[in-house]
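J.: Just dropping this structure here.
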Amino acid sequence: MVLAADGFFESCRTGKALQNKHFNKEKTVMKRTIALVLTLLLIAALGVFASSADTVELLPKESEWEFLTYEGEANALPEEEEPELWLSNGEYTDLSGQAPFAAPSWAKPITNTKFDYQYYAAYLRTTFTVENVELLNKLTMFVIYDENPTVYINGEEVWYAEGYKDDKYYEIDLTDALSVLKNGENTVCVSVSNVFGGGIFDMSLSANAGAVVPEPPIDEDGNFVIQEVTTAGFTNFGAINAPDNVLDGDQNTVTGSGFNASVEQSVTLKFKEAGTIESVFVQCKDEGTTTNEDGTRGTYHLYALNGDEQVDLGALKAVTGTDGGATLTLDTPVAADGLKIVIESWEGNCWACVADVTVKASDVTPPPVVDTGDNTLFFVVLGVVALAGTALIAVKAKKEF
């Protein structure tokens with residue numbers, strides 16, 4: 001009986017030992033699996049972090065430029081033509097200075113170099129370096145100017161503006177100019193003039209490198225994304241729907257023309273993709289006075305564009321002010337790939353203009369808002385957690401073996 005009991009207990013101990021061994025083996029496998037998962041998570045986090053879009057500064061503000069100026073007169077450009085070898089990257093001047101450049105009378109503090117002449121045509125040139133142009137997916141310029149600047153990159157004209165924007169640096173999308181960039185040294189040439197008032201110029205260039213988030217055809221508010229704006233009969237003082245326009249209380253950014261204008265001036269908007277128009281909102285600039293009793297500046301006439309077709313949507317009053325504007329809501333949505341706004345009439349001593357336009361799309365679900373901000377902190381924390389977890393499991397596994 002004693003021997004039988006001893007055998008029974010020995011058998012139990014052996015079975016328990018085998019069970020514990022099997023259990024410990026399962027624990028080890030589980031820990032190794034968790035460690036592998038955490039390691040893969042770390043690799044994925046680092047991969048996403050490495051592929052996220054980075055901003056590359058190509059040409060900073062207040063850079064050094066070569067320059068040459070020709071003296072002019074008030075309201076008249078100098079007779080001299082652009083200097084030889086300026087665009088071809090040859091030696092054309094021995095003068096250089098740090099931007100911003102300005103006329104002698106410029107009183108604002110953002111000036112490093114003043115030209116010798118009050119009225120002038122100036123020709124500037126500098127260079128920047130690109131390490132790998134294939135990685136760049138967006139090119140942005142910030143510019144302050146007075147007046148009429150033309151920007152060339154590697155001899156190709158990439159941007160021109162009439163008039164002046166001298167109160168701050170304005171953001172300009174130059175992504176279409178990525179095709180003229182090259183690896184190594186790139187040359188920027190700028191012609192800018194001053195024939196009235198003060199004069200100033202400076203610019204910067206930066207690019208995005210990494211993943212591209214395509215712009216949807218409809219924004220988060222359900223409005224068509226406007227891809228192109230053209231005007232007829234207008235003097236352009238700024239871009240329609242610019243960030244600093246009437247809706248935001250800044251009256252400087254508009255498209256306008258002479259006082260009391262009313263003859264076939266128009267603005268044409270092309271959408272990123274075709275769709276159906278539900279309503280149109282238009283606002284004009286708050287400047288000058290009107291003779292209309294209701295306070296409106298005049299009348300717009302709206303047309304939906306669809307290929308070669310043009311559909312009359314009707315008239316809309318020109319209303320101004322930070323809380324102003326007028327909306328035309330359609331009884332039946334109209335298919336369109338663009339919109340044309342014509343100045344039908346204008347009254348009083350005020351600019352004929354179109355400052356803000358939003359076109360609501362019908363039966364379209366707004367796309368989700370994509371956060372393309374800097375996620376550096378998130379990925380750093382994720383990486384630290386993954387590394388710490390992997391190290392802890394490795395230490396415990398080593399002790400048990």
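The values are calculated or read from the model by the stated rules, or taken from the named source; none is laboratory data. Fair warning: this is a prediction, and the values are worked out from it, not measured in the lab. Please note: Cβ atoms are built from the backbone with ideal geometry, for glycine as well, and neighbour counts cover all protein chains shown.
One line per residue, one yes/no per condition, for (1) over 20 Å from Asp166 (Cβ atoms); (2) of a type outside the set (Asp, Glu); (3) buried (at least 17 other Cβ atoms within 10 Å of the Cβ):
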| site | (1), (2), (3) |
| --- | --- |
| Glu84 | yes, no, no |
| Ala107 | no, yes, no |
| Phe115 | no, yes, yes |
| Asn132 | yes, yes, no |
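J.: Now for a different question. Where the second residue is part of a strand (DSSP E or B) and of a type in the set (Lys, Arg) and the first is closer than 26 Å to Lys360 by Cα and lies in the stretch 284-303, which pairs have Cβ atoms under 7 Å and are six or more apart or on separate chains?
T.: Going by the 7 Å Cβ cut-off, the qualifying pairs are Thr296/Lys317; Thr299/Lys317; Tyr303/Lys340.
J.: Separate question: Just give me the residues in the stretch 85-141 being touching a residue at least 40 places away in the same chain (Cβ under 8 Å), closer than 19 Å to Ser206 by Cα and charged (D, E, K, R), in sequence order.
T.: Once the filter is applied, which keeps residues that are touching a residue at least 40 places away in the same chain (Cβ under 8 Å), closer than 19 Å to Ser206 by Cα and charged (D, E, K, R), the stretch 85-141 yields Arg125, Glu131, Lys138.
J.: How many residues does the stretch 292-323 hold that are in a strand (DSSP E or B) and at pLDDT below 85?
T.: Here the count works out to 0.
J.: Okay, moving on. Scanning the stretch 273-291 for residues that are in contact with a Phe, Trp or Tyr (Cβ under 7 Å, 6 or more places away or on another chain) and at pLDDT 85 or above, which turns out nearest to Gly222 (Cα to Cα)?
T.: Gly275
J.: Pick from the stretch 109-122 the residues that are under 14 Å from Glu62 (Cβ atoms) and assigned to a loop (DSSP other than H, G, I, E, B): which of them is modelled with the lowest pLDDT?
T.: Pro109
J.: Just one of (1) crowded, with 19+ Cβ neighbours inside 10 Å; (2) touching a Pro at 6+ places or on another chain (Cβ under 6 Å) trips up Asp146, so point out which.
T.: (2)
J.: Turning to a different aspect of this structure: Quick test for you: out of Asn148, Asn186, Asn137, pick the one residue that is farther than 23 Å from Glu91 by Cβ and part of a strand (DSSP E or B).
T.: None of the other options fit; the residue is Asn137.
J.: State which residue is modelled with the lowest pLDDT when the search covers only the stretch 164-183 and only residues that are assigned to a strand (DSSP E or B) and of a type in the set (D, E, K, R).
T.: Among those residues, the one meeting the criterion is Asp167.
J.: Here is a further query. In contact with a Phe, Trp or Tyr (Cβ under 8 Å, 6 or more places away or on another chain) and closer than 16 Å to Val190 by Cα: does that describe Gly155?
T.: In short, no.
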